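Encoded as structure tokens, the structure appears first; notes follow it.
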Amino acid sequence: MAGIAGAAGGRQVEWVESALRKIGHRGGAGTSARTTDDASLGQVWPLAQEQFGAGADRLPVVLDGEIYNWTTLWPGATCALEGLQGAYRTKGPEFVLDIDGPFALAIATEGGLFLARDPVGRSPLYYGDREGALCFASEFKALLGWVSDIAAFPPGHYWQPGRGLVRFARIEAGRQLDMPEGEVARELRGRLVMSVSKRLRWGEVGAWLSGGIDSATLTALARRQLPGLKTFAAGVQGAPDLEYARSVADFLQTEHYERFCDLQEMLAVLPHVIYYLESFDALLVRSSITNFMVGRLASEHVPAVLSGEGGDELFAGYARLKDLDHEELPDELVDITRRLHNTALQRVDRCSASHGLVARTAFLDRDVMEFAMRIPPELKIYEEEGPVENVEKWILRQAMDGLLPEDVLSRRKAKFWQGAGVGDQLASHAEQSISDAEFANERTLEDGTVLNTKEELLYYRIFRDVFGTEIDARLVGRTKGAPIAN
């Protein structure tokens, strides 16, 4: 995704340029930094989002995201940034409710800065204060040393001068559908087809292919629309994800690329992953190792990829969800979807943006999400008769019946880092390299944050070396249900 930075008040273009250099990896195709009487704004953008940088040198708007309906936001707009500016002027701040696509944006107004972030938090955004002026950036590393009280800008909110933070949207479980399961499957497939189609409009697009049902679904639908589709997978030699990804690629006849790694290479790349990821959460870092590598691989061939992130949250893909009563499932899915912005979506964003690559999350399309949140829980975790384990993501499997190999359709969920072959290698390394006494002495941080495991301490030490202690550790998202050592 693109990178944005800025501050309320003019004559701060030097600070903006400095901030953009720290997140320059998010660009590669263009950059713009300018000042108005009301604000100083900057933006870098990658090749896959070149059209969303059009007008950046003349309009008081910056955007990290993709606006699929910008031509209708404000009739007469000649580019996305102009559409955003015109819609704000004519409709006011609530225009963000009409946006179709992921976004973090800023508009310079006469009263100061208007900021907004999409309801899922697909596009990252941080903000804070510098000498009384509101400042923002796509990554917190761009604000370090300049801005105090750095915080994550909450998804589904906008900031309006004179009002402060205002919530405009919130992920909720909708009223459950009353439709035959066959109709639900057909409607779901149709919405996914449209979502994928939106994300194939601009330039060449490939697909990350883990071998699971989510990435395989998007790959299958994209392949129907895009001959010569390139797919990418990474993991330890012999890992199950690589084998299943290969099966999908062969079935769909994609142009498939693989990247292999071992423990020593994972340890070597770890500081780079943590620097770009801006996290020490154990499960997030662990899953980012191969994601970072496959991001680099894909960036050598295409400017953008499809990512299957969001499928587990929408369709109940995690094993622990099978233990819940059906009445509890909708609220739990809402909760874990609301947590995506600073956990799994942060991984997807940073592991692509660090290589100037754009990852597009088709499951998190607003029309797909609206429908998925209304699908009854018994169609997500299907209780089959007999001594057979309940089937997760059942309705998604029905929607894709006939479009994927049977072994992939019937494959049960494996955690990303397990399927990629990372397994417990990093946890074992941490157990061997950090003593019990060291863990006991360093486990509780100055701000009260408690590290879950030795593996997390291993990652935190690197995080601290990279960013210092200026960042409040509570800014870092933590994965729900992560293992905790005694």
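The values are calculated or read from the model by the stated rules, or taken from the named source; none is laboratory data. In this text the structure is predicted, and so the values were computed from the model without any measurement. FYI the Cβ positions are ideal-geometry reconstructions off the backbone, even for glycines, and counts take in every protein chain you see.
Couple of notes before you dig in:
- Single condition Ser288 does not satisfy, out of (1) surrounded by fewer than 22 Cβ atoms within 10 Å (Cβ to Cβ); (2) under 28 Å from Arg201 (Cα atoms): (1)
- Screening the candidates Tyr127, Tyr158 for the property of being at pLDDT 95 or above, hydroxyl-bearing (Ser, Thr, Tyr), more than 20 Å from Leu84 (Cα to Cα) and within 25 Å of the chain's Cα centre (by Cα) yields one hit, Tyr127.
- If the condition is being loosely packed, with under 14 Cβ neighbours inside 10 Å and free of Cβ contacts under 8 Å to residues at least 40 places away in the same chain, then the range 156-175 contributes Arg163, Gly164, Leu165, Arg167.
- Considering Gly145, Gly111, the condition of being surrounded by fewer than 24 Cβ atoms within 10 Å (Cβ to Cβ), under 21 Å from Ser354 (Cβ atoms) and either hydrophobic (A, V, I, L, M, F, W, C) or at pLDDT below 95 (or both) is satisfied by Gly145 alone.
- Filtered by the rule that a residue be under 19 Å from the mean Cα position of the chain (by Cα) and either buried (at least 23 other Cβ atoms within 10 Å of the Cβ) or among the hydroxyl-bearing types (Ser, Thr, Tyr) (or both), the range 44-58 gives Val44, Trp45, Pro46, Ala48, Gln49, Phe52.
- Checking each residue of the range 370-385 against the condition of being assigned to a helix (DSSP H, G or I), aromatic (Phe, Trp, Tyr), touching a Gly at 6+ places or on another chain (Cβ under 6 Å) and modelled with pLDDT of 95 or more gives no match.
- Taking the conditions (1) closer than 21 Å to Tyr276 by Cβ; (2) at pLDDT below 95; (3) surrounded by fewer than 20 Cβ atoms within 10 Å (Cβ to Cβ) in turn, Met1 satisfies each one other than (3).
- Flag for Leu340 being under 22 Å from Val391 (Cβ atoms) and crowded, with 19+ Cβ neighbours inside 10 Å: no
- In the range 5-23, the residues that are modelled with pLDDT under 95 form Cβ pairs under 7 Å with partners that are among the aromatic types (Phe, Trp, Tyr) and surrounded by fewer than 24 Cβ atoms within 10 Å (Cβ to Cβ), at six or more places apart or across chains, as follows: Trp15/Trp146.
- Residue within the range 315-334 that is basic (Lys, Arg), modelled with pLDDT of 95 or more and over 24 Å from Leu270 (Cβ atoms) present: no
- Residue within the range 181-198 that is assigned to a loop (DSSP other than H, G, I, E, B) and either of a type in the set (A, V, I, L, M, F, W, C) or over 22 Å from Pro303 (Cβ atoms) (or both) present: no
- Meets criteria (at pLDDT below 95, surrounded by 24 or more Cβ atoms within 10 Å (Cβ to Cβ), under 23 Å from the mean Cα position of the chain (by Cα) and under 18 Å from Ser32 (Cβ atoms)) for Phe136: no
- Any hit, the range 197-214, residues being hydroxyl-bearing (Ser, Thr, Tyr) and in contact with an Asp or Glu (Cβ under 8 Å, 6 or more places away or on another chain): yes
- Here Leu306 does not fit the description of being crowded, with 21+ Cβ neighbours inside 10 Å and closer than 24 Å to Phe153 by Cα.
- Residues in the range 309-331 that are at negative phi and buried (at least 19 other Cβ atoms within 10 Å of the Cβ): Glu309, Gly311, Asp312, Glu313, Leu314, Phe315, Gly317, Leu321, Leu329, Pro330.
- Complete set of residues in the range 220-255 that are assigned to a helix (DSSP H, G or I) and in contact with a His (Cβ under 6 Å, 6 or more places away or on another chain): Ala249
- Selection status of Gln253, assigned by TED's automatic domain parsing to the domain that holds Gly308, surrounded by fewer than 17 Cβ atoms within 10 Å (Cβ to Cβ) and modelled with pLDDT of 95 or more: yes
- Single residue of the range 428-477 satisfying the filter (among the small types (Gly, Ala, Ser) and surrounded by fewer than 18 Cβ atoms within 10 Å (Cβ to Cβ)) that is nearest to Pro154 (Cα to Cα): Gly448
- All conditions but one from (1) buried (at least 23 other Cβ atoms within 10 Å of the Cβ); (2) in contact with a Leu (Cβ under 6 Å, 6 or more places away or on another chain); (3) closer than 19 Å to Arg338 by Cα apply to Phe153; the one that does not is (1).
- Looking only at the range 203-220, and only at residues there that are over 17 Å from the mean Cα position of the chain (by Cα) and over 19 Å from Glu300 (Cβ atoms), the one that is surrounded by the fewest Cβ atoms within 10 Å (Cβ to Cβ): Ala220
- Hits in the range 271-319 - residues which are charged (D, E, K, R), within 25 Å of Leu192 (Cβ to Cβ) and out of contact with any strand residue (DSSP E or B) (no Cβ under 8 Å at 6 or more places or on another chain): Asp312, Glu313
- Condition check for Val96: in contact with a Lys or Arg (Cβ under 6 Å, 6 or more places away or on another chain), among the β-branched types (Val, Ile, Thr), buried (at least 19 other Cβ atoms within 10 Å of the Cβ) and more than 27 Å from Glu332 (Cβ to Cβ): no
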